[in-house]
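To keep things clear, I will list the structure first and then write my remarks on it.
The values are calculated or read from the model by the stated rules, or taken from the named source; none is laboratory data. Every value quoted in this text rests on a predicted model; they were computed, and no experiment measured them. Cβ placement follows ideal geometry from the backbone for every residue including glycine, while neighbour counts extend to all protein chains displayed.
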Amino acid sequence: MDLKNVLVVDDEPLMRDTLEWCLRSEFRVATASSGMEALKLVEEQTFPVVVLDLRMEGLDGIATLKRLRRRNAFQKVVILTAHQSMESAIEAVNLGAYSYLTKPCDINKLRTVLSEAHDRYFAEQERVEELRERLLALHDDFFSVLCHEFNTPLNGIIGFASDLKEEFKDDEKGQMAGFIEDAAHDLHGVFMEILEYIRSKLPSGESAWEKFSPEDLAHTLENKCESSEIVFQRTGDFWQETAEFEGPFHSLCAILSKIMLAGRSTEAAPILIHAASTAGGNITFRLTNLDLEAHFGMPENLESIFSPYATSVSARRYFDPGIGLHLATCRNLADSVGIQVGPKLGDNGRIEVHISAELTQTKPSA
């Protein structure tokens, strides 16, 4: 029987030896005594699954998890710790941990989790490879970001669901059920965007550029935002135009809706989309009343919020499927269709997002 590779990272020698002995019948176990040693090992060898202690000296489990995920977003990391903390569990799952178990754990359950994680790793690799072969025309960087974003909420669902199976009645578990529902909605939304982008790139001769009116754009955005409970208002002369334009309609809709999803607020004030024509013939969209400061504070470099590894620092959202990924997806999609997207500091000191799209007017206003 072929043994499955797994890396055990724990700064306690007894725990490392115990896990190696208990898992050796089914797994080829490598061990590391620190986060830095683990990072060196994954550079030399592929480990589909990593068992990671949360509390370690030096580079702790959370910091190690972040660096492991940056190197390989598909790697399955199982957090194992003696310190049961709902806050740390949520943080680990939010960062992409596959599962979260507490010491002492049931060895049979651990074997099952590791085996399922190993199988899922290779299943995802096969799916991605199939998609890469079928969609050679798809922008590689954009596709990688979407795959990462697809897996992040999916891992959140898996991690939380395994915990909820055991106990569902207390307040924290009920709250986590809501997080699962949110992650499922995000997953569906991302999947639909993948399909829309694929449709625009299929070699059928159909162009990604479509004819549409400002009213078509407004109606599509309203439908997208209704399912996510996003409230927005339109301002600017562009929305009153009766002219017809040609451009990357579906991509523009996806970019606008995803920025609003990333910046949605629990406050009553709606997001504002000010749209106007420029002297150069472009249409600019300025999104204000976004709640980006609640997630990122006020970074020295505003461009950093478009990093796929940017995460929310907001205490009011215990689970966030990766707000930086939402914005990174927008940037990659925009680049692929020639749309400019970037953050700017507004006159009121809040972060705005500006979008510039070159649309061809095919029919003048009535």
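Quick notes
- The set of residues in the stretch 292-309 being modelled with pLDDT of 65 or more and crowded, with 19+ Cβ neighbours inside 10 Å consists of Leu292, His295, Phe296, Ile305, Phe306.
- Scan of the stretch 215-237 for residues that are among the hydrophobic types (A, V, I, L, M, F, W, C) and under 15 Å from Ala262 (Cα atoms), ordered by number: Leu221, Cys225, Ile230, Val231, Phe232
- Screening Ala38 against (1) within 29 Å of the chain's Cα centre (by Cα); (2) crowded, with 18+ Cβ neighbours inside 10 Å; (3) under 21 Å from Glu116 (Cβ atoms) leaves a single unmet condition, (3).
- Among the residues listed as Ala82, Ala92, the single one being within 21 Å of Met15 (Cα to Cα), in contact (Cβ under 8 Å) with a residue 24 or more places away in the chain, crowded, with 18+ Cβ neighbours inside 10 Å and of a type outside the set (D, E, K, R): Ala92
- Search result, residues across the stretch 335-358 that are aliphatic (A, V, I, L, M) and at pLDDT 85 or above: Ile339, Val341, Leu345, Ile351, Val353, Ile355, Ala357
- Looking across Ala276, Ala366, Ala328, one residue alone is farther than 26 Å from Ser213 by Cα and either at pLDDT below 90 or part of a strand (DSSP E or B) (or both). It is Ala328.
- Residues in the stretch 59-97 that are over 21 Å from Ser34 (Cβ atoms) and touching a helix residue (DSSP H, G or I) at 6+ places or on another chain (Cβ under 6 Å): Ala73, Phe74, Met86, Val93.
- Residue in the stretch 222-242 that is more than 26 Å from Asn289 (Cα to Cα), modelled with pLDDT of 65 or more and surrounded by fewer than 16 Cβ atoms within 10 Å (Cβ to Cβ) present: yes
- Evaluation of Asp141 against (1) in a helix (DSSP H, G or I); (2) out of contact with any Asp or Glu (no Cβ under 6 Å at 6 or more places or on another chain); (3) modelled with pLDDT of 60 or more (one fails), failing number: (3)
- Residues of the stretch 212-251 classified as out of contact with any helix residue (DSSP H, G or I) (no Cβ under 7 Å at 6 or more places or on another chain) and in a loop (DSSP other than H, G, I, E, B), total: 7
- Qualifying residue in the stretch 49-61 (condition: assigned by TED's automatic domain parsing to the domain that holds Ile90 and touching a residue at least 60 places away in the same chain (Cβ under 8 Å)): yes
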